[in-house]
1. Estimate the FRET efficiency between E327 and V292 by the formula 1/(1 + (r/R0)^6), using the beta-carbon distance for r and 35 Å for R0, to the nearest 0.05.
2. Within the chain, what whole-number % of the accessible surface is contributed by carbon and sulfur, with the 1.4 Å probe and all protein chains included in the calculation?
3. Determine the dipole magnitude for region 92-142: charges of +1 sit on the beta-carbon of Lys and Arg, -1 on that of Asp and Glu, nothing else is charged, the reference point is the Cα centre, and the result goes in debye to the nearest 20.
4. Using the Karplus equation 6.51 cos²θ - 1.76 cosθ + 1.60 (θ = phi - 60°), what ³J(HN,Hα) coupling, rounded to whole Hz, does each residue of region 65-74 give in order, writing x for Gly and Pro?
5. Amide H to amide H under 5 Å from S80: which residues, 5+ apart in sequence or cross-chain, H placed 1.01 Å off N in plane?
6. Karplus couplings for region 139-144 from phi (6.51 cos²θ - 1.76 cosθ + 1.60, θ = phi - 60°), rounded to Hz, Gly and Pro as x?
7. Below 8 Å, C-alpha to C-alpha, sequence gap of six or more: please give me the relative contact order for the chain in percent.
8. Take region 202-324, drop everything but the C-alpha atoms, weight them equally and run the Debye formula without solvent; then report log10 I(q)/I(0) at 0.09, 0.19 Å⁻¹ to two decimals.
Amino acid sequence: MKKLSKIWIPVLILAIIALAWWLMSGGKEEKKVEFLTAKVEEANLQNSVTATGTIEPVTSVTVGTQVSGIVSKLYVDYNSEVKKGQVIAELDKTNLMSELNTAKANLASVQSAYNYQQSNYNRYQTLFNKGLISANDFENARLNFQQAKEQVATAQEQVKRAQTNLGYATITSPIDGIVLSKSVEEGQTVAASFSTPELFKIAKDLTNMQVVANVDEADIGNVKAGERVSFTVDAYPDDTFEGSVTQVRQEATTTNNVVTYEVVINAPNSSMKLKPGLTANVTIYTAERQGVLCVPSKALRFTPVKEAVGDKKIEDCQGKNKVWVLEGNTLKARSVQIGMSDGSHTEVISGISKGVDVITELKITDGDIPEMGDGERSPFAPGPPDRNKKK
């Protein structure tokens, strides 16, 4: 028994030492290194700017009146289709007719005075030529004739103005279109003393609308005429409408310290779904490339670290932009020329071929806990057991 005890005591001590070493090491398994890759392949890239705007008719005219009076007749209502020159309203003409008659009567009076002064001037001229009257009398006769002539001209203008004002009492449509709004009713008095009262608003063509969008100052530099636009409206949330930028206005608008610029977008409306005043949620595609070779953008940010890649060899190269490929036991860098990027993918112009697998990230498995290489870690993975222990 004593010999047996002498044999097992060293074995037990060795087992205790091995267990203590395993516990102190955290029971970790050997780290495993895995390279995550993605193929170089063709893709469509888009960069866009978002904004909100308002649906408006391309051409709309506000119809008013230049004379005051009572609205006696209305011939159109909301949504009425009108033609250019069509009578759409009339004002009461009683006072305007009175003013015209007064002007005509005044014209007749001064015309009679003019005829008298003309005859008188002709007589005085004959007498003056014969030396029977003085030059002063002749000049007075000529002066009276000139004044009478000017009074006739003034009276004629007054008649024309009264006739014009009478014509203004008949309101006609200036364009072919549709009545969007009506601001008066029959019997209402309109006063044109200081400004032109608005009677109607007429849109020329509702099948061709436009969106006036407010684009933030940080994005306006990328917006240019001709760029493709898509937009939606709350009235038809499942429909996407298409258009293009027709104008980038230079005038800035500041609201609550936010500077925006108006961008005009044409909006064909053959379906007549777009109505004036609707709010449009606009996406302006400032750059688009179709079917270009791309790599994930994070492949361009990947840089291997010797301590993290284990027994793999690293062959670097010169170049501003690089991607890495795994060939056998070697990580090789490829210098590439890049084009546009949409954030998640970047166009590769040269330096690598379609179908090649490029490394996007490094995953290190420490026991059951994955770590992301190149300084990146999965935000959802817990840290290793000893990560937060105090040293």
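1. Working: r = 25 Å, r/R0 = 0.72.
Efficiency for this residue pair is about 0.90.
2. Details: 12060 of 24160 Å².
Carbon plus sulfur share of accessible area: 50 percent.
3. Values: 5 positive and 4 negative charges, 41 e Å.
For this selection, approximately 200 debye.
4. 9, 9, 10, 8, x, 9, 6, 9, 9, 10
5. Under 5 Å from the amide H of S80: V179.
6. Running phi through 6.51 cos²θ - 1.76 cosθ + 1.60 with θ = phi - 60° gives 5, 4, 5, 5, 4, 4 Hz.
7. 25
8. Log10 of I(q)/I(0), two decimals: -0.46, -1.07.
The values are calculated or read from the model by the stated rules, or taken from the named source; none is laboratory data. Here the structure is a predicted model, which means the values were calculated and not measured. FYI the Cβ positions are ideal-geometry reconstructions off the backbone, even for glycines, and counts take in every protein chain you see. Just the protein is used for accessible areas: all its heavy atoms, side chains included, with ligands, DNA and RNA removed. Shrake-Rupley method; radii C 1.70, N 1.55, O 1.52, S 1.80 Å.
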